[in-house]
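The block underneath contains the structure these notes are about, expressed in structure tokens.
Read the figures in this text as sums done on the coordinates, not as results from a lab. It should be emphasised that the depicted structure is a prediction, and the values quoted were computed from it without experimental measurement. Cβ coordinates were reconstructed from backbone atoms using ideal geometry, including for glycine residues, and neighbour counts include every protein chain displayed.
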Amino acid sequence: MSYEKPGLASKHFDDLFNSLPSLEGKTIIITGTTSGTGFVAANACGKLGAKLLLLNRPSARADAALKTLQENNSNGDFTHIDCDLQSFASVKKAAEEVRAMCPNGLDVLCNNAGVMALEDYATEDGFDVQMQTNHLSHFLLTKLTFDLLEKAADTKGEARVINHSSIARKQVKELEADYLLKNGGNLGGNGASMFFGGARWIRYGQTKLANATFTACLHDKLTAKNSKVKALVAHPGLAETELQSTTVDEGGMGKWMTKQLMKMGQSREDGALGILTCIAHPNVQSGQFFGPGMGGMFTALKGPAAGYPLEASYDNPQTRDLLWRHSCAAIDADFDI
Ligand SMILES: NC(=O)c1ccc[n+]([C@@H]2O[C@H](COP(=O)([O-])OP(=O)(O)OC[C@H]3O[C@@H](n4cnc5c(N)ncnc54)[C@H](OP(=O)(O)O)[C@@H]3O)[C@@H](O)[C@H]2O)c1
């Protein structure tokens, strides 16, 4: 068994869910729906009538989650598509399947999946496992489905790309190119100290800063083009999902410490408020950041998700240029908007 979860009750989820409109006629991709915020968002969107494409790596967890979503939503429309974010080849194959299933366009792409504080190792493509899973593969997926989002935006008036960041974006001072290069396995080792510069946590912080920076890049480019596609980003505060269990199992956090920390958090349902708002709320603007506050550790851990502006620490020409250039180089392709 991993750490013992405190079992936090949901406080705000129903208020948001009950305020959302029908999503009938919308096609929504969510990555990472086997548990956590992705599962909650998929379940909610299914109840609201959307067609869901669930991009997960194949596993018994993925099968079980799909079954539960189908049981929870007898009229739901859920399709699993194999997509391992540790592999660009897998992402490309998933994008082909998406394209075949979305001839009329794609309304929402929610780049939710993530891993945290894993050991220092490279993917088959040579990148840091955390950076490729959390950002680079989502960058590729967004590029490969972008024309579908534009199609929906042109015909229906809007489409949305959502990235899932974290308070951990503030654990690092600035985005650094090294973490976006083929340096997997050579990025500082396996130091596991969350608060005192453990390398696992620095790498995680870089990925979550990349998620926010990617949103800033998209928003900047979409605004310049007068596009009807919206770029949004969310963070869940500290949410009781499987993320901490996996991290404990992988040696990134101690059991006792994790249990104490999680007492300050919120339920996985409340953790999904940010992405669910971005996916489904009618009144969101491109370039908004939804979450329970914008402070660092201990000040934005829980509560209803409100909308904030992007932050100057990454929404600046230099950081946007660094992210875009190195992400295009990593996927070995231009991403023209
Ligand atoms: N929970 C928090 O307190 C917290 C705080 C800040 C940010 N976040 C962010 O929230 C997002 C969702 O995480 P969560 O908290 O809901 O954690 P979770 O319960 O562990 O869910 C993570 C999801 O990502 C999937 N995933 C991991 N590696 C993958 C891969 N290689 N290919 C495809 N899918 C993969 C997992 O699927 P498998 O079953 O295949 O592993 C799972 O479905 C992440 O981006 C995370 O960084 C969470």
Going through Lys26/Lys170; Lys11/Lys151; Lys26/Lys228; Lys5/Lys173; Lys170/Lys259 one by one, the pairs whose alpha carbons sit over 27 Å apart turn out to be Lys26/Lys170; Lys11/Lys151; Lys5/Lys173
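Checking the a/c ratio against 1.5 first, then a/b against b/c, what shape does the Cα gyration tensor give for segment 49-156?
On the way: a/c = 2.28, a/b = 1.27, b/c = 1.79.
In terms of gyration-tensor shape, oblate.
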Any idea which of Gly296, Ser166, Met194 is furthest toward the positive side of the dipole for segment 13-331, if Lys and Arg beta-carbons carry +1 and Asp and Glu beta-carbons -1? Gly296
Residue list for segment 29-48, given a label point 7 angstrom along the Cα-to-Cβ vector of Lys67 and an amide N cut-off under 16 Å: 34-35
Cα centroid separation, segment 228-242 to segment 56-97 (Å): 19
Please give the calculated 222 nm ellipticity per residue for the chain, where each DSSP H segment of at least 4 residues contributes -39500 (n - 2.57) and the sum is spread over every residue; nearest 500 deg cm²/dmol? -12500 deg cm²/dmol
So if we plug the beta-carbon distance of Lys93 and Glu119 into 1/(1 + (r/R0)^6) with R0 = 30 Å, what FRET efficiency do we get, rounded to 0.05? 0.70
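Find the all-direction average of the projected area of the Cα convex hull for segment 97-143, expressing the result in square nanometres with one decimal place.
Numbers: hull surface 15.9 nm².
So the Cα hull casts an average projection of 4.0 nm².
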Less than 19 Å apart at the alpha-carbon level, and either on another chain or at least 8 residues along: which lysines does that give for Lys93? Lys143
Take each of the peptides 320-329, 275-284, average the number of other beta-carbon atoms within 10 Å over its residues, and list them starting from the highest. 275-284, 320-329
Segment 211-263: C-alpha gyration tensor shape, a/c 1.5 cut-off, then a/b vs b/c: prolate
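Please report, in cubic angstrom per residue, the volume enclosed by the convex hull of the alpha-carbon atoms of segment 266-337. Working shown, then result.
Numbers: hull volume 10.0 nm³, N = 72.
So the per-residue hull volume is 139 Å³.
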Looking at segment 13-331, what % of its DSSP beta bridges pair antiparallel, to the nearest 5? 15
Mind checking the full-extension length gain between Phe196 and Lys5? Use 0.36 nm per residue of separation minus the Cα-Cα distance, one decimal, nm. 66.3 nm
Could you give the dipole magnitude of the chain about its Cα centre, charging the beta-carbon of Lys and Arg +1 and that of Asp and Glu -1, in debye to the nearest 20? 540
Quick one: give the max-minus-min coordinate of the C-alpha atoms of segment 169-245 along each principal axis, largest first, in Å. 45, 32, 20
Most to least packed among 310-318, 228-236 [average Cβ atoms within 10 Å]: 228-236, 310-318
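Can you quote the Å³ per residue value for the convex hull of the Cα atoms in segment 13-331, rounded to an integer? Before the final figure, lay out the partial values.
Values: hull volume 37.2 nm³, N = 319.
In segment 13-331, the Cα convex hull volume per residue is 117 Å³.
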Just to confirm the filter: which GluC sites (Glu not before Pro) across segment 1-106 are DSSP coil and have at most 15 other Cβ within 10 angstrom of their Cβ? Glu4, Glu24
Of Thr68, Thr145, Thr213, farthest towards positive along the dipole that unit charges on Lys, Arg, Asp, Glu beta carbons give segment 13-331: Thr213
